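Here's the structure, in structure tokens; my notes come after.
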Amino acid sequence: MLKNNKFCIQCGRPLTKQLDSEKSLVSYCQTCQTFQYDPFNVAVSMILLNPTRDKLLLVKQYGLDHFRLVAGYVNKGENATECIHRELYEELKLDALEIRYNDTAYFEPTNTLMINYIVTLSSELVESNDEIDEAMWMSFENANKLIKPQSLAELFLRKFLMEKQHGN
Ligand SMILES: [Zn+2]
């Protein structure tokens, strides 16, 4: 966990503690009169489907051996949908046709709230940039076998496949 902020991110003065509207003791700047909650990162990850929704795209990155989901950090000022469109274009030159929420989880090691979406793409044609070692279309069954074990990606994928099985 991150330590509480000691100084105001706006004016740099020392922070005090004050009860917020939910009666939690939170860092507070007397000068700016603002509460300052602990910072954390937000990232999106994506289950990418082809236009006919019968194949799934997994990638290998950073010289690692396992397949994973395409993911990226949300920039300050950006919403999650904008982040999805930007990441898809930057990394794979792909466009999203439909974006649906799937699941979310907090990833403690990097202090990141991961939000997972099911994204249907307009094309299967992938032009990956140098952040991607390999991008591969595969059946749902193979994706289930090849996704990195014990990862958040696996958790998100299993939830998607389970709901698919139940006809949602
Ligand atoms: Zn301040």
Seminar exercise, completed: Pairing a residue in segment 66-94 that is without any contact (Cβ under 8 Å) to a residue 12 or more places away in the chain with any residue that is not basic (Lys, Arg), where Cβ atoms lie under 7 Å and the two sit 6 or more apart in sequence or on different chains, gives Asn75/Cys83; His85/Ala96
Seminar exercise, completed: Among strands (runs of 3 or more DSSP E) completely within segment 1-118, the ones holding 2 or more residues that are more than 24 Å from Asn129 (Cα to Cα) are 16-19, 25-29, 34-36, 96-107
Exercise. When residues of segment 112-132 are filtered for being over 13 Å from Arg53 (Cα atoms) and modelled with pLDDT of 95 or more, how many remain?
Worked result: 6
Seminar exercise, completed: Cβ pairs under 7 Å, 6+ apart or interchain, first in segment 4-17 and within 12 Å of Asp38 (Cβ to Cβ), second assigned to a loop (DSSP other than H, G, I, E, B) and near the ligand (Cβ under 6 Å from one of its atoms), ordered by first then second residue, are Leu15/Cys8
Exercise. Can you name every residue in segment 2-52 that is away from the ligand (no atom under 16 Å from the Cβ) and at positive phi?
Worked result: Lys23
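The values are calculated or read from the model by the stated rules, or taken from the named source; none is laboratory data. All of these numbers come straight from a predicted model, not from anything done at the bench. Glycine gets a Cβ as well: all are built from the backbone with ideal geometry, and neighbour counts include every protein chain shown.
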